[in-house]
Each structure stands twice: as structure tokens, then as C-alpha cells.
Amino acid sequence: MPQVDEPARLQTFMNNRSQYSDDFKALALKLIHQGQSVEQTAQLTGVSQPTLYEWLANWTGSPER
């Protein structure tokens, strides 16, 4: 499983956001594309699995799970 270089900095960033920026969504989708499971990405980012599946569907044009 890939490791985050600065987990404390990532956690601080995640706690200080009021909504998900396009850059944050792209980062989460990139983690999935690079082999992280949706479950792992949800745990790492604090984004719910249904939300990640929605982002995936919007990105790929495929139906949601």
C-alpha cells in the first residue's frame, strides 16, 4: 500500500476544508487509479465510500455503485 509522505499535514488539510476542492477530488481519484481500493482511500481521506463512487462515476461516466 502506498504511504503518504506527510500524514499529519494531510490530516490538518482535511480537517480545515469546508468542501472538497477539485484538486482534493483528483488526489483521491488518483489514489484509486494507482491501486488503492475505494475502502482504503475512504479511510485515508475521510471521504465516504459512496462519495468516492460518485466521483468515480462522474469522472469516468460510468454508473454509480
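A few notes on this one:
- Whole-Hz ³J(HN,Hα) from phi, Karplus 6.51 cos²θ - 1.76 cosθ + 1.60, for region 29-34, glycine and proline x: 5, 5, 4, 5, 4, 8
- Its residue count N sets the reference 2.2 N^0.38 Å, and the alpha-carbon radius of gyration of region 20-65 equals 1.00 times that reference.
- Computed label-point distance, nm, for sites His33 and Gln49 using a 7 Å Cα→Cβ extension: 2.3 nm
- Those residues of region 28-55 whose amide nitrogen sits under 14 Å from the label point placed on Tyr20, 7 Å along Cα→Cβ: 28-33, 38-55
Every number here is computed from the coordinates shown, using simple stated rules; none is lab data. Keep in mind that this is a model prediction, so the values were computed, not measured. Neighbour counts run over all protein chains shown; Cβ positions are idealised from the backbone, glycine included.
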